[in-house]
Structure formats: structure tokens, C-alpha cells
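Notes follow the structure.
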Amino acid sequence: AERLVLDLHNIESRLQATPAAASSWPASALFRGFATAYERLEREWLPRYDDVLVASGADASRVPADRVAVYPNTIPYRDAPDVRREHAIVFTGNLEYDPNVSAVGWFAREVWPLIRREEPGLEWRLAGKNAHAIRSYTQHLDGVRIVGEVPDAVLEIAQAKVAVVPLLAGSGTRFKILEAWAAATPVVSTTIGAEGLGAVDGRHLAIANEPAQFARAVLQTLREPGDLGRNGRDLYLDRYTTEAGWRVLADLGL
């Protein structure tokens, strides 16, 4: 029999609700309005599908449908690049995507000055397309380099000592973390940034949510990375390669 399957990269109501919580009025009211509208549409339409696939268990709990399964975001298997790590941290992604814009703005205002004070020789690199969207946040800061669009995000991340994921909003799971894990690069993330990946703070990455806490986590990881990079790569190999994703679909009979 035919099955109608919907694969949700994000839960749109969640994608609007998280910036509502992180924004001030009137932006918060606009985001809440969008979140409410999406919730209404999700309640109406998602139960009509035979199966709904979501990126994480966290998102599964938010879907108003009977048949919901987790089909994780994945990236193709690759060896960790054999390159020299430079004295840099890196943020990657589509730089005009709203959660990335807010993340860069927050990090630039609240976190980077604290890190720069302790590590004046450190460089913060921003790699991704549409760099025009974040230039206003970084153009007056020392030690920041906008790399722009790159052909290989994993290779770019592998050249940095830490990948930062200071997201304040989002849904689904973050490809930027999967790419950092593929590069065996230690990650420092907010709770929202790491949501849904099953990562353990202090084992697969470091989690911090307040500016001073995030800055300390970055500085500590720079100086004592321990096994974060290796453990993150092990989790990627176990769950988040394309091959692992196909096995999930096979188990679901899809």
C-alpha cells in the first residue's frame, strides 16, 4: 500500500517560538504570532500524513501526529582532514539565515570581547554564503575575518581549534555541528544549538548559555581540548553519516 511520508527538517512553530523567547518587543510579538499560526497549521495538516519524519526525539515530542519517527540529519562519511590547526575559532553556515544572524550578533556583542581580552592573538572566522548579512556586527571588531563561502566546510572547520555554535533559536539539528564532528574539531555550543543530537556536555562538546560562561568554555577548550574532538567524531560516525541514516530508513520500512 502507498504511504504518504513527510520529512520535516524543522518544526516551524518551534523555529519561531525560540527567537520569540530570545527577542525583545516588538520582534518577540511578531515571532509569537508566527509560532501560533504555524501551530494551527501543524495541528491541521500533520495528522493527514501516514508517517512524519523529524530530525530528533526533541522534535518528535512536538509533532501532533500519530506516526512520528526520528530520521536524523546526516552528512556523507569522510575522513577527518589532515591539516594544521591554526589559532582560530570558526562559525559556519548560511550567514543570512535568521538564527545564524542572531547568533553572530550575540557572540560579537557579548562573547567575543571577553575572549579577545584573554587571547588577543586569536582569530574568529566566519565561513558561509551571504556574508553581507552579518558584516555590520563584525566590521568594527578586531581579530575577526569573514571567510565567506567555501567549497568544503569540513576542511575549513578542521583548520580551526574550536567551532562555536552560539545559537539562540532553531529547530531540527545543526549541520554545522555534524561538520565540526566530521572534522574532529571541538565544539562549544548553546543548549539550543546542540539540541536533538544526543551529545553529552563535556564528552562530545561543551555547552554554555551565558556570555561569560560561553567565553570561559571557548578559552578552556582552546587550552585543554581533551577528547572533545575525537568523541564528537565517534558520535558522528555512529549516528550521523549518510550511511547511518539509510539504515534508519530501512528499519522504518521506508
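Is there a residue being aromatic (Phe, Trp, Tyr), more than 24 Å from the chain's Cα centre (by Cα) and farther than 22 Å from ASP251 by Cα anywhere in the stretch 49-62?
Restricting attention to the stretch 49-62, the residues satisfying the condition of being aromatic (Phe, Trp, Tyr) are 49.
Going one step further and asking which of them are more than 24 Å from the chain's Cα centre (by Cα), we end up with 49.
Those still in the list that are farther than 22 Å from ASP251 by Cα too: none.
No, that holds for no residue.
Can you tell which of ARG233, ARG203, ARG216, ARG223 is within 16 Å of the chain's Cα centre (by Cα), of a type in the set (Lys, Arg) and open to solvent by 20 Å² or more (accessible area, probe 1.4 Å)? Give the steps one after another, and end with the answer.
Working: ARG203 fails: within 16 Å of the chain's Cα centre (by Cα); ARG216 fails: within 16 Å of the chain's Cα centre (by Cα); ARG223 fails: within 16 Å of the chain's Cα centre (by Cα).
From the options ARG233, ARG203, ARG216, ARG223, the qualifying one is ARG233.
Being touching a residue at least 24 places away in the same chain (Cβ under 8 Å) and buried (at least 16 other Cβ atoms within 10 Å of the Cβ) is the requirement here; does TYR71 meet it?
So TYR71 fits the description; yes.
So in the stretch 170-193, with the set limited to residues that are open to solvent by 10 Å² or more (accessible area, probe 1.4 Å) and not in a loop (DSSP other than H, G, I, E, B), which one is farthest from LEU15 (Cα to Cα)?
In this case the residue turns out to be GLU179.
Does ASP51 satisfy being touching a helix residue (DSSP H, G or I) at 6+ places or on another chain (Cβ under 8 Å) and not small (Gly, Ala, Ser)?
Values: touching a helix residue (DSSP H, G or I) at 6+ places or on another chain (Cβ under 8 Å): no; not small (Gly, Ala, Ser): yes.
Against the criterion (touching a helix residue (DSSP H, G or I) at 6+ places or on another chain (Cβ under 8 Å) and not small (Gly, Ala, Ser)), ASP51 does not qualify.
Residue check: is LYS129 open to solvent by 10 Å² or more (accessible area, probe 1.4 Å), more than 12 Å from ILE89 (Cα to Cα), in contact (Cβ under 8 Å) with a residue 40 or more places away in the chain and among the basic types (Lys, Arg)? I'd like the intermediate steps shown before the answer.
Details: open to solvent by 10 Å² or more (accessible area, probe 1.4 Å): yes; more than 12 Å from ILE89 (Cα to Cα): yes; in contact (Cβ under 8 Å) with a residue 40 or more places away in the chain: no; among the basic types (Lys, Arg): yes.
Spelling it out, it is not the case that LYS129 is open to solvent by 10 Å² or more (accessible area, probe 1.4 Å), more than 12 Å from ILE89 (Cα to Cα), in contact (Cβ under 8 Å) with a residue 40 or more places away in the chain and among the basic types (Lys, Arg).
The values are calculated or read from the model by the stated rules, or taken from the named source; none is laboratory data. Because the structure is a prediction, the values reported are computed rather than measured. In this analysis, Cβ positions are derived from the backbone assuming ideal geometry, glycine residues included, and neighbour counts consider all displayed protein chains. These area figures cover heavy atoms from the full protein model, side chains too; ligands, DNA and RNA do not enter into them. Shrake-Rupley method; radii C 1.70, N 1.55, O 1.52, S 1.80 Å.
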